[in-house]
Structures are given as C-alpha cells and as structure tokens.
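Accompanying notes for the structure given below.
Bear in mind these aren't lab numbers, they're just calculated from the coordinates by the rules spelled out. Keep in mind that what you see is a predicted model, and the values were worked out from it rather than measured. Every residue, glycine among them, receives a Cβ derived from its backbone with ideal geometry; neighbour counts consider all protein chains shown.
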Amino acid sequence: MWDSLWLDVRLATMEEGRGAYGVIDDGALGVSDGRIVFCGRRDSLPGHAGALAREVYCLDGRWMTPGLIDCHTHLVYGGDRADEFEARLQGASYEDLLKAGHGILSTVRATRAAGCEALVSAALPRLDALLAEGVTTVEIKSGYGLDLDTECTMLRAARHIATIRPVSVVTTFLGAHALPPEYDGRRDDYVEFVCTKVMPEIVACGLADAVDVFCEYIAFTAGETDRILARARHLGLPVKLHAGQLSECGAAEVAARHGALSCDHLEFLSPKGAQAMAQAGTVAVLLPGAAYVLRADTMPPVDLMRRHDLALAVATDCNPGSSPVTSLLLMLNMASTLFFLTPEEALAGVTRQAARALGLLGDRGTLSVGKRADLAIWDINHPNVLAYQVGFNPLHAVVRGGYVATRH
Ligand code: NIG
Ligand code: FE
C-alpha cells in the first residue's frame, strides 16, 4: 500500500520532452516513503484508488508542480541595509558604497556581532515568506563573516534552520565575497587564508555543500577565483560563481574550467563564456531581483544563452543589499518581464533547472517516479498564472518528503 494518493489533479511535471510544462491532465500522484511512486493519468492507475493508498486526497482539479527551489540566497545575515537603499536612491552607487566600507562590509559588521541564535531568528521570517509560496528547498550562502568563526557560524545557522522548518537547506561557502578590512592591502594573504585555513575546516566539519566566489572587479579577480575553485575541487566540493554581475571579467570561463554547477547573475556574458558553460554543463542562474533593485542597465543575454542551450534557473538572491527579496513567485514575474523568459522557462527555472543548479536533479525538481515527494499545489487555472500575477499567492498546500507541510 502507498502512503498517499493525490487525485483529481492537473500535473505540471516539468519533465523535459513531455510538452509544455510536462502536463498530465486528470492526473494521479502516489507517494510512498517520501518518494513519488506513481505519476500519470488517473485511468492508468494500477488498481482502485481506495485499495492503493492509506490516504487519498482529492484536489478538485487544482494544479500540482514540483516544490519550488530557491537555488541562490544569502538568507542568513545580520542587520539590514535600508539606509544604503536610501543613499542609492540619492545617487550613491553600489560599487562606491562597497569601496567606502559600506555595502557587503556593513553586513559583515552586523553579522560578526550577531551570533548563531540571532542569525537564525533574523533568517526565519525571510525563510517563512519563501515557504509560504511553495519553496521546499533553499540554498543558503555564507559570506558575511569573512573570518573563520563567523563563516562557520553562518553555515551552522543555515544547517540549523533545516531542523526547525520543513525545508531542505543546501549550504554554500562564500568566504571570497569581499576583502575583509583586516586584510586591506593583503589580498593574496586573504585568498591564502580562505584556501588553507577556512575551507579545510569547513570541509572537516561538513558545513558546506559547495563553494562560491564573487568574481567581479570590486571583489575577486579571475586569477584569485581560479585558485579558490581549484582548492575547493581538490577538497571534493562542487563550485559555482557570482559571475558577470557588473562587468565581464572572464568568470564564466573560469567556472567552466572547474566544471561549475552554475554561474549566477550573468548580466555580462561573452559568446566564449556561454560556449564554455555549455561544454561544462554549467547552469545559468538568473537573478532578476538584483537587476531590478540595482536598476541594472544591462540584462542577461538570454538569447545567447538559449542559442547555447544553457539551462536557465531563476532565484531570489535574497540578501540585504542588492536583492532584499523574499518572493520567488515575484522572481517568476520579473524573469518574464525584465529578462523575457517565457512563463514556462521561468517555472522550469525554479524547479527542474534550479535542482540542476544544485546538482540535485536526480533527486528533485520534477514530478517523476523515484524523486522526492516535494510538491506544491496551486489554486490556478494554468501554470502560466504563476509568472503572470504580481503580489498574489495562489498556493493551496505544500507536501514535503511526502508530508503535508502547509495547508491554507
Ligand atoms: O548576489 N554580488 C554579490 N553578492 C550579493 C550581494 C551581496 C550584498 O550586497 O550584500 C549578490 O548580489
Ligand atoms: Fe548573490
């Protein structure tokens, strides 16, 4: 007997090669031991519904999608940067604020002062906003500690969150996010510190699932990035990059050379970079919240990405500076309105392609037999509504690992 069976449901499986959204009308989905054991048309069920599962749910024709995946966030941090937002409205630039010791560095000060418990408490309302929209997996980066203790504390806070909320958390070490003030004028020493002290400790404690670097003219060079990624790969961790957010500095090629899972932002991407990503199977993670908040005048070259058949993921980039965003549904809309993704590409971007960006596509991201039963159930007439509506949440219920996690 299965644990549960969901009937009278329209399935947007998001599987590739099954037509738009991978739709199965008059669908049925069976779950056992937290995994999908049946996903198909109701009339192909192997028996009578009541005899197949202990619990049978009737969804009255609602739509079901895979649980949403936010594959790029900086959800754990201290303080906020509302003042900086105001300063930018008066004309200050993101780059100049960072150079003057504000921006990321002001969040570093607040995060260093916070402690694990305060970081968790501050992150929970942001996480809860994501969960309320059907998110079942979230990636969380460090990068506001920039010292051994605080980087570890951030990652511990991220891991802890997964024990007190119904969500899978994937952690990423972003020690090379900015040069901390105590290393002013000693860039090489900081890169050396990250490679030889911090990363090995984080690996030994099992605190990170991947390593990221902010490769940018205001952060770390392609050469420095190359060194950090090589070390991460040597330590057995997958890598990804903040690449091409503000300028083109060859980040995509560096990422591809190390078989990166993803390059994120990519407002700037050369044809050579796109080709390198395609060859390496590196996902392009698009972050429309940051482009919007920073009023970017260059948008990611989505046509170039499509020409190279790159997988396109979409995420919030939730962070206190460039993207104080806690709505993944809003990102679907912005990915369409700002970046011209189709609503189907946008939804694939927060399901199948987001799972791919985390190296988890074999386990989640589509409604497929054998995958985790992470499901979102919606009061909508068509999946394109998820990208169409702005500021409206049509979530009916969430199932995580087979358990009904939230119900409206
Ligand atoms: O993804 N670009 C670098 N990192 C973040 C911003 C961090 C911040 O401003 O605090 C981003 O946009
Ligand atoms: Fe980011």
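Amide H to amide H, which residues 5 or more places from V135 or on other chains are under 5 Å from it, using H placed in the peptide plane?
Close amide H contacts, sequence-distant or interchain: L68.
Given H placed 1.01 Å from N in the peptide plane, which residues other than close sequence neighbours of T406 have an amide H under 5 Å from its amide H?
So T406 has HN proximity to V398.
Quick one: which residues, 5 or more positions from W2 or on another chain, have an amide H under 5 Å from its amide H? H modelled 1.01 Å from N in the peptide plane, none for Pro or chain starts.
A53, R54
In percent, how large is the relative contact order of the range 1-73, given Cα pairs closer than 8 Å and 6 or more residues apart?
Working: 147 pairs, mean separation 30.1, N = 73.
Normalised by residue count, the contact order of the range 1-73 is 41 percent.
Compute the FRET efficiency between D188 and Y217 as 1/(1 + (r/R0)^6), taking r as their Cβ-Cβ distance and R0 = 22 Å, and round to the nearest 0.05.
On the way: r = 17 Å, r/R0 = 0.79.
With a Förster radius of 22 Å, E is 0.80.
Positive end of the dipole of the range 326-386, charges at C-beta (+1 Lys, Arg; -1 Asp, Glu), about the Cα centre: which of V369, L338, V385 has its Cα farthest in that direction?
V369
Report the antiparallel proportion of the DSSP beta bridges in the chain as a percent, rounded to a multiple of 5. Kindly include the intermediate steps, with their values, before the conclusion.
Details: 25 of 61 bridges.
Roughly 40 percent of the beta bridges in the chain run antiparallel, per DSSP.
Which ³J(HN,Hα) values, rounded to whole Hz and listed in residue order, are derived for the range 136-143 from phi using the Karplus coefficients 6.51, -1.76 and 1.60 in 6.51 cos²θ - 1.76 cosθ + 1.60 with θ = phi - 60°, glycine and proline given as x?
Once rounded to whole Hz, the list reads 10, 9, 9, 8, 10, 9, 7, x.
How much of the DSSP beta bridge set in the range 1-99 is antiparallel, as a percent to the nearest 5? Present the calculation step by step, with values, prior to reporting the outcome.
Values: 12 of 20 bridges.
Taking every DSSP beta bridge with both residues in the range 1-99, the antiparallel ones total about 60 percent.
Could you compute the FRET efficiency for N393 and E117, with r as their C-beta to C-beta distance and R0 at 30 Å, rounded to 0.05?
On the way: r = 29 Å, r/R0 = 0.98.
Calculated transfer efficiency: 0.55.
Setting aside same-chain residues fewer than 8 positions from K141, which lysines have a Cα under 20 Å from its Cα?
The reachable lysines, counting only those whose Cα sits under 20 Å from K141, are K197, K240.
Tell me, what HN-Hα J-couplings in whole Hz come from the Karplus equation 6.51 cos²θ - 1.76 cosθ + 1.60 at θ = phi - 60° for each residue of the range 179-192, using x for Gly and Pro?
Result, rounded to whole Hz: 7, x, x, 5, 10, 3, x, 10, 4, 4, 5, 5, 4, 4.
Running a GNM on the chain with Cα contacts under 10 Å, which residue among V369, V254, V31 ends up with the highest mean-square fluctuation?
Of the options given, V369 has the highest mean-square fluctuation.
Using the Karplus curve 6.51 cos²θ - 1.76 cosθ + 1.60 with θ = phi - 60°, work out ³J(HN,Hα) for each residue of the range 372-385 in order, rounded to whole Hz, and write x for Gly and Pro.
Along the range 372-385, the couplings run 4, 7, 9, 10, 10, 10, 10, 8, 9, 8, 6, x, 5, 5 Hz.
So for the chain, taking the charge dipole from beta-carbon charges (+1 Lys/Arg, -1 Asp/Glu), which of A219, G115, V138 sits furthest toward the positive end?
Going by the charge dipole, the pick is V138.
Taking the Cα centre as origin and putting +1 on Lys and Arg beta-carbons and -1 on Asp and Glu beta-carbons, what dipole magnitude results for the chain, to the nearest 20 debye?
740
Measure off 7 Å from each Cα along the Cα-to-Cβ vector at L235 and M1, then give the distance between these two points in nanometres to one decimal.
Placing both labels 7 Å beyond Cα along the Cβ direction yields 4.9 nm.
Please arrange W2, W378 by how many other C-beta atoms lie within 10 Å of their C-beta, fewest to most. Please report the intermediate quantities before stating the final value.
Numbers: W2 18, W378 22.
By the 10 Å Cβ count, ascending, the order reads W2, W378.
Please report, in debye to the nearest 20, how large the charge dipole of the range 194-301 is about its Cα centre when each Lys and Arg carries +1 at its beta carbon and each Asp and Glu carries -1 there.
Values: 8 positive and 11 negative charges, 52 e Å.
In total the dipole reaches around 260 debye.
Testing the spin-label approximation: label points 7 Å from Cα along Cα→Cβ at E16 and A87. State their distance in nm.
4.4
Between H48 and F340, what is the label-point separation in nm under the 7 Å Cα-to-beta-carbon projection?
Those two pseudo-labels are separated by 5.6 nm.
At a Förster radius of 22 Å, what calculated FRET efficiency corresponds to the Cβ-Cβ distance of M299 and N381, to the nearest 0.05? Display every interim value, and only then the final one.
On the way: r = 30 Å, r/R0 = 1.35.
Using R0 = 22 Å, I get an efficiency of 0.15.
What is the magnitude of the charge dipole of the range 74-135 about its Cα centre, with +1 placed on the Cβ of each Lys and Arg, -1 on the Cβ of each Asp and Glu, and no other charges, expressed in debye to the nearest 20?
Details: 6 positive and 9 negative charges, 44 e Å.
Charge dipole of the range 74-135: 200 debye, to the nearest 20.
Taking only C-alpha pairs under 8 Å that are 6+ residues apart, what is the relative contact order of the chain in percent?
On the way: 957 pairs, mean separation 76.8, N = 408.
Rounded, it is 19 percent for the chain.
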